[in-house]
Amino acid sequence: MTVQSWSILGAVIAVSFGAIGPAFAEGRAIASAMEAIARQPEAGGTISRTLFVGLAMIEAIAIYCLVIALVLLFANPFAH
Amino acid sequence: MSSPLVEAPLFTLGPVPIAGSVLTSFAITAVLATASHLLTRRLSLHPGRAQAALELVVSTIDGQIRDVLRRDPAPYTPLVGTLFLYLIVANDLEVVPLLHSPTARLETTMALALVVFFSVYVYGIRANGLRRYLKHFVEPTPLLAPIHLLSEATRTFALMMRLLGNIMSHGLVLAIVVSLAGLLVPVPIMAFGLFIGVVQAYIFAVLATVYVGAAVETAPAPAREGAT
């Protein structure tokens, strides 16, 4: 296999496996937020704002994987 | 497929290459600045429609900042509001034919993240004084100073990458869908892209507020609930 093939494989693995963790994490976060809002609807504003910021933090992990995949595909330092 | 990480310059102005995203970015800035100037030129106590709409926007941003920081939002509204309004326009520019979001490019998001990075120091030093602000890097022990510095760098990097990744990857997905089924199928995805753009603008603005607020609060303050 050439460096290009390995890079494509690496990009696929990075995105597909990198999406699993954040997906579970976002699911848990949203589920807990739903529960909290259902218990205390008057705190909904604060909870959803914190939820958004937290989701952004979690999502950053998936985006790092995407960035690694893009670097492998388009700016690979090992393939010329 | 062309690389989303580099952009070919449109033309060179002397030694400086000018890319399309820079032009779009300048155009957005010019439009927003002109509109703000025109709208705020004749403010009256009995607002017309335009002024009422503008006041609604500004007071909403004020309210959000007050909710996050629990203090007077006046010093932070110029920074956060400008970032938010610029990002809403820039992120959602993708739906305008022939135009592309400048935030789908690394340079724009890097510049925005650097703005936040330096604003944190400006606000922090202005609120606490240089000595007290620098002192928070060696608290609780000087051993943690490298971690503090590392977190300053990584959170700026994350701010840049989050915005870039969301906007650019949406463009990529859209391009793939268009190449598979060009008619009508991409429309709901483009509508979802509008939503993503607004949410990312909101998140960027809230994170900028939180970072600046944390820098202002470096002084040993009495414990309060909901602090990050």
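Does the stretch B:6-165 classify as rounded, prolate or oblate by the C-alpha gyration tensor (a ≥ b ≥ c root eigenvalues; a/c under 1.5 gives rounded; else a/b over b/c gives prolate, otherwise oblate)? Present the calculation step by step, with values, prior to reporting the outcome.
Working: a/c = 2.33, a/b = 1.17, b/c = 1.99.
Judged from the Cα gyration tensor, the stretch B:6-165 comes out oblate (a/c at least 1.5, b/c at or above a/b).
Would you mind checking the stretch A:37-80 for residues with the amide N under 14 Å from a putative spin-label position 7 Å along Cα→C-beta of B:V210?
Those under the cut-off are A:46-61.
Exposure proxy check: B:E152, B:E7 ranked by fewest other beta carbons within 10 Å?
On the way: B:E152 16, B:E7 19.
Lowest count first: B:E152, B:E7.
Return, for the Cα atoms of the stretch A:3-74, the radius of gyration and Dmax in Å, separated by a comma.
16.5, 56
Just check the stretch B:1-80 against the gyration tensor rule for me: Cα atoms, a ≥ b ≥ c as the square roots of the eigenvalues, rounded for a/c under 1.5, and otherwise prolate or oblate depending on whether a/b exceeds b/c. Walk me through the intermediate numbers first.
Numbers: a/c = 3.20, a/b = 1.89, b/c = 1.70.
In terms of gyration-tensor shape, prolate.
Can you sort A:E59, B:E107 from fewest to most other Cβ atoms within 10 Å of each residue's own Cβ? Working shown, then result.
Numbers: A:E59 18, B:E107 15.
So the ranking, lowest neighbour count to highest, is B:E107, A:E59.
How much length is gained on full extension from B:D67 to B:V199, taking 0.36 nm per residue of separation minus their Cα-Cα distance? Mind dumping the intermediate values first?
Numbers: separation 132, 0.36 × 132 = 47.52 nm, distance 1.75 nm.
Answer, rounded to one decimal: 45.8 nm.
Using the Cα gyration tensor of the protein assembly as shown, with a ≥ b ≥ c the square roots of its eigenvalues, what is the shape: rounded (a/c below 1.5), prolate (a/b larger than b/c) or oblate (neither)? Could you put the intermediate results ahead of the total?
Details: a/c = 1.44, a/b = 1.21, b/c = 1.19.
Taking the square roots of the gyration eigenvalues as a ≥ b ≥ c, the protein assembly as shown is rounded.
Sorting A:I20, B:I125, B:I167, B:I61 on the 10 Å Cβ count, fewest up front, what's the list?
On the way: A:I20 11, B:I125 17, B:I167 28, B:I61 20.
Going from least to most buried by this count: A:I20, B:I125, B:I61, B:I167.
By how many degrees, 0 to 90 and rounded to 10, does the Cα axis of helix B:20-41 deviate from the longest principal axis of chain B?
Helix B:20-41 and the main axis of chain B meet at about 70 degrees.
Under the rule that an exposed site lies in a DSSP loop and has at most 14 other Cβ atoms within 10 Å, name the longest stretch of chain B with no trypsin sites (Lys or Arg not before Pro) of that kind, not counting the sites themselves.
Details: sites that count: B:R42, B:R70, B:R71, B:R224.
By the stated rule (loop sites, at most 14 other Cβ atoms within 10 Å), B:72-223.
Here, each number is a calculation from the coordinates, and none is a lab measurement. Quick caveat, the model's predicted, so the values are computed rather than measured. Every residue, glycine as well, gets a Cβ built from its backbone with ideal geometry; the counts of neighbours run over all protein chains shown.
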